[in-house]
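Inspection log for the structure reproduced underneath, given as structure tokens.
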Amino acid sequence: MSTLDDVLSTIDANQSDAVARLFELLAIPSISASPEHFPDCDRAADWLVRELQALGFEAVKHETEGRPIVTGAAKAKGRDAPSVLFYGHYDVQPPDPLNLWNSPPFEPRIVKVGDDERIVGRGACDDKGQLMTFLEACRAFKQGGGGLPCNVKMVFEGEEETGSQSLPAFMAKHGKELSADLTLVCDTSMWDRETPAITTMLRGMVYEEVVIHGPKRDLHSGLYGGAAINPIRVLARVLAELHDENGAVTLPGFYDGVEELPEEIAEQWRDLAFREDRFLGDVGLSVPAGEKGRSVLEMIWSRPTCDVNGISGGYEGAGAKTVLPALASAKVSFRLVGKQNPEQVSKAFRAFVKARLPADVTAEFTNFGASPAIALPTRSEALRRARRALEAEWGKPAVLAGSGGSIPIVGVFKRELNMDSLMVGFGLDDDAIHSPNEKYERSSFHKGARSWARILAALGA
């Protein structure tokens, strides 16, 4: 009978072909934000269907109101094997600005830096390279392992970079078909290039836009200034009052459901080789600006935040124009943790704004999304097995990390299917996702496939 060693040897022996397959997928400019590239999104979906079918999966391309969704399913070689659902996305960010790329973004290539090799191209890390690590692990089980150790289902979407708009309706219709014991997500990062990580916490998100309306038209500030209310002044005061002098958010009830970090996790984070000065120094800063008394890792992984992402109002062109604007607007996002309720945070923000409006001023609100925070139980058996498998591959214990960002689909899986997600990725901080010259380390691609093979074997044991 074939062993895990046979599977790993197959991955090693097939690296050249694996990179060639990844290059084929990277060469498809599947930009979900650009209508002119919608046909390319179809091409990428068709490519994935063919790959899955070649691996013996039952694969289907599903048309949606937006970009297609691809599903696949294959049975394990054992009768009582667990079921896993792997999620990935084939769409990519626009490559602009093109003049900052060292080579065409959809002509992938290998770049050597010292002893390291990098796969460079749009989507190399986010998420085509990550997605393909899992496919290559499944391929090795089929070719060198005699069959999969788990029942494997897959779902690949083409709108992750534009908000996954078609996914909720698709999940409502096909959720039962996708149900499994555990979801696997490969859209996260390692701790560093030699240390694997399992993301156990994702912050949730509430995103609001507020428009402050004052006079019925723009006014001459010389004729009306002082007598007429200025919406920019109102907005500036409201935004300034969202935080206190210690960096805490002042919305009533905002911290309801926020729990302190478990000591075992806090201790692990304290032991990590993380330099706060370097983290901030890399972006030209020096002093942490969040809640006083909290470490930077706490601030970005396990604490909630409120940030103003954009402000607009009045004259914004070149030169001077003495205008008193009719309106001013701001986009405000809240990152949520623990059991914070997104709807309650949204309501609290709107009430906070309305309570500070003077006479003759009104507020208009738009919500761009609301999702709760997600946490994988730290005593999960799947987490324990995956961590042991990653340590066997990398020679170091996997860091149980938090993530400051949000992956909305993880919340959908939990809410719609009651499935926890095991989030294991092999990206690095310098992979330049969403930026020019995006890359994926050759070692991430190679050892990522080996890691998934070990994890699948551990889950199916």
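Tallying residues that are surrounded by 20 or more Cβ atoms within 10 Å (Cβ to Cβ) and more than 23 Å from R139 (Cα to Cα) within the range 429-449 yields 4.
Any residue in the range 374-395 that is of a type outside the set (G, A, S), under 20 Å from G175 (Cα atoms), out of contact with any Ser or Thr (no Cβ under 6 Å at 6 or more places or on another chain) and in contact (Cβ under 8 Å) with a residue 60 or more places away in the chain? Give the steps one after another, and end with the answer.
Applying the first criterion (of a type outside the set (G, A, S)) to the range 374-395 yields 374, 376-379, 381, 383-385, 387-388, 390-391, 393-394.
Now narrow it down to the ones that are under 20 Å from G175 (Cα atoms): 374.
Going one step further and asking which of them are out of contact with any Ser or Thr (no Cβ under 6 Å at 6 or more places or on another chain), we end up with 374.
Now narrow it down to the ones that are in contact (Cβ under 8 Å) with a residue 60 or more places away in the chain: 374.
Yes, some residue in the range 374-395 is of a type outside the set (G, A, S), under 20 Å from G175 (Cα atoms), out of contact with any Ser or Thr (no Cβ under 6 Å at 6 or more places or on another chain) and in contact (Cβ under 8 Å) with a residue 60 or more places away in the chain.
Pairs are defined by a Cβ separation below 9 Å, a sequence spacing of at least 6 or placement on different chains, a first member in the range 134-162 that is hydroxyl-bearing (S, T, Y), and a second member that is surrounded by 24 or more Cβ atoms within 10 Å (Cβ to Cβ); the pairs so defined are T162/S32; T162/R67; T162/D91.
Sub-7 Å Cβ pairs linking a first residue in the range 40-53 that is closer than 12 Å to E24 by Cα to a second residue that is among the aliphatic types (A, V, I, L, M) and crowded, with 20+ Cβ neighbours inside 10 Å, at least 6 apart or interchain, are R43/I28; A44/L25; A44/I28; W47/L25; W47/I28; L48/V70; E51/L135, ordered by first then second residue. One residue is enough: does the range 192-208 have a residue meeting the conditions surrounded by 23 or more Cβ atoms within 10 Å (Cβ to Cβ) and more than 30 Å from R388 (Cα to Cα)? The answer is yes, given that some residue of the range 192-208 is surrounded by 23 or more Cβ atoms within 10 Å (Cβ to Cβ) and more than 30 Å from R388 (Cα to Cα).
Only one entry of T188, T183, T199 meets the criterion of being modelled with pLDDT of 95 or more and of a type in the set (S, T, Y), and that entry is T183.
Residue count for the range 270-318 under the criterion of being under 24 Å from the mean Cα position of the chain (by Cα), surrounded by 10 or more Cβ atoms within 10 Å (Cβ to Cβ) and among the β-branched types (V, I, T): the result is 4.
Here is a yes/no grid of residues against (1) within 30 Å of G66 (Cβ to Cβ); (2) more than 31 Å from the chain's Cα centre (by Cα):
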| position | (1), (2) |
| --- | --- |
| G158 | yes, no |
| S179 | yes, no |
| D187 | yes, no |
| G204 | yes, no |
| Y207 | yes, no |
| S221 | no, yes |
| A227 | no, yes |
| A240 | no, no |
| A248 | no, no |
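The residues of the range 223-253 that are out of contact with any strand residue (DSSP E or B) (no Cβ under 8 Å at 6 or more places or on another chain), of a type in the set (A, V, I, L, M, F, W, C) and not in a helix (DSSP H, G or I), listed by number, are A227, I229, A248.
Yes/no matrix, rows are residues, columns are (1) within 22 Å of I232 (Cα to Cα); (2) free of Cβ contacts under 8 Å to residues at least 60 places away in the same chain; (3) among the polar types (S, T, N, Q):
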site: Y315; (1), (2), (3): yes, yes, no
site: K321; (1), (2), (3): yes, yes, no
site: L324; (1), (2), (3): yes, no, no
site: Q340; (1), (2), (3): no, no, yes
site: A359; (1), (2), (3): yes, no, no
site: V399; (1), (2), (3): no, no, no
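None of A330, A375, A326 is surrounded by 15 or more Cβ atoms within 10 Å (Cβ to Cβ) and modelled with pLDDT under 95 except A375. Can you name every residue in the range 345-367 that is more than 22 Å from the chain's Cα centre (by Cα), within 16 Å of D256 (Cα to Cα) and among the aliphatic types (A, V, I, L, M)? Matches in the range 345-367: A348 only. Exactly one residue out of V92, V111 is closer than 30 Å to S166 by Cβ, of a type in the set (V, I, T) and assigned by TED's automatic domain parsing to the domain that holds S16, and it is V92. Of everything in the range 1-48, what is farther than 18 Å from G121 by Cα, among the hydrophobic types (A, V, I, L, M, F, W, C) and over 24 Å from the mean Cα position of the chain (by Cα)? Give them in sequence order. Selection gives M1, L4, V7, L8, I11, A13.
Within the range 254-268, the set of residues being out of contact with any strand residue (DSSP E or B) (no Cβ under 8 Å at 6 or more places or on another chain), not in a loop (DSSP other than H, G, I, E, B) and not small (G, A, S) comprises E263, E264, E267. Here the strands (runs of 3 or more DSSP E) wholly within the range 76-166 that include at least 3 residues being at pLDDT 95 or above and under 19 Å from V185 (Cβ atoms) are 83-89, 151-157.
Here S346, S286, S329 are screened, and the one residue that is touching a strand residue (DSSP E or B) at 6+ places or on another chain (Cβ under 8 Å) and outside any helix (DSSP H, G or I) is S329.
Matching residues to (1) buried (at least 21 other Cβ atoms within 10 Å of the Cβ); (2) under 21 Å from V424 (Cα atoms); (3) in contact with an Asp or Glu (Cβ under 7 Å, 6 or more places away or on another chain):
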residue	(1), (2), (3)
S32	yes, no, yes
A54	no, no, no
V60	no, no, no
D91	yes, yes, yes
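Here is a check on your reading of the model: is L219 without any contact (Cβ under 8 Å) to a residue 12 or more places away in the chain, out of contact with any Asp or Glu (no Cβ under 6 Å at 6 or more places or on another chain) and either of a type in the set (F, W, Y) or not assigned by TED's automatic domain parsing to the domain that holds G411 (or both)? So L219 does not fit the description; no.
The values are calculated or read from the model by the stated rules, or taken from the named source; none is laboratory data. If you're wondering where the values come from, they're calculated on a predicted model, not measured in any experiment. Using ideal geometry, Cβ is built from the backbone for each residue, glycine included, and neighbour counts are taken over all protein chains shown.
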